[in-house]
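Q: Take a look at the following structure, please.
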Amino acid sequence: MSGDAKLYLYFLLIKLSGYVLACIVLARYYNKGSVKGALAGIVRTLIGVGVGSLFFYGPAFLRGFSGPALYALLLPIRVLEWGVIFWLFLGKPFTRPVIPMMAAAVLCSFVLDGIGAFLLAGMFRAIIC
């Protein structure tokens, strides 16, 4: 397995772990059960992998977006991704407010990006050097 593939796999595992944990917490908050939360976390990861691949290797990436501009473009996409998860797994009617939890979930996605980048930073340098 190439170095880039290993990095992607490690990053994917970080995101999967974080999303499963976040979705279990959300599911329990909405009284849906841990199993449904774990399934939501797995689906959230798969959605993120698919949409993320299209996003980073699609038009935004090709036009030279990077840094804050890239994350500004990513924000509405993450809101939509989490909206799908809330709709599919947490269902209606919601017994508690959705907007604060949606904001927390989107923030969780960005935090997981930061954690992944921080934990894998040494590996990125090893590949670049």
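Q: When the dipole is taken about the Cα centre of the chain, and only Lys, Arg (+1) and Asp, Glu (-1) are charged at their Cβ, what size is it in debye, to the nearest 20?
A: Rounded to the nearest 20 debye, it is 320 debye.
Q: Please compute the per residue accessible area over the stretch 1-109 with all protein chains in place, 1.4 Å probe, rounded to a whole number of Å².
A: With the other protein chains kept in place, the stretch 1-109 gives 59 Å² per residue.
Q: Which value at 222 nm does the chain reach when only helices count, each DSSP H run of 4 or more adding -39,500 (n - 2.57), with the total divided by all residues and rounded to the nearest 500 deg cm²/dmol?
A: -26500 deg cm²/dmol
Q: Additional query: If TYR10, TYR30, TYR57 are ordered by their accessible area, calculated over protein heavy atoms with a 1.4 Å probe, which sequence runs from highest to lowest?
A: TYR57, TYR10, TYR30
Q: If you take the charge dipole of the chain about its Cα centre, with +1 on Lys and Arg Cβ and -1 on Asp and Glu Cβ, which of ILE77, ALA27, PRO93 is farthest toward its positive end?
A: Among ILE77, ALA27, PRO93, the one farthest towards the positive end of the dipole of the chain is PRO93.
Q: Once whole DSSP H runs in the chain are found, which of them have Cα atoms spread over 18 Å or more along the helix axis and a mean Kyte-Doolittle score of at least -1.0?
A: 3-29, 34-56, 67-85, 99-119
Q: Could you look at the chain and say what percent of its accessible area is carbon and sulfur, using a 1.4 Å probe and all protein chains?
A: So the carbon and sulfur contribution to the accessible surface is 75 percent.
The values are calculated or read from the model by the stated rules, or taken from the named source; none is laboratory data. As the structure is a prediction and not an experimental result, all values here were calculated from the model. Glycine gets a Cβ as well: all are built from the backbone with ideal geometry, and neighbour counts include every protein chain shown. Side chains included, ligands, DNA and RNA excluded: accessible areas come from the protein's heavy atoms. Shrake-Rupley method; radii C 1.70, N 1.55, O 1.52, S 1.80 Å.
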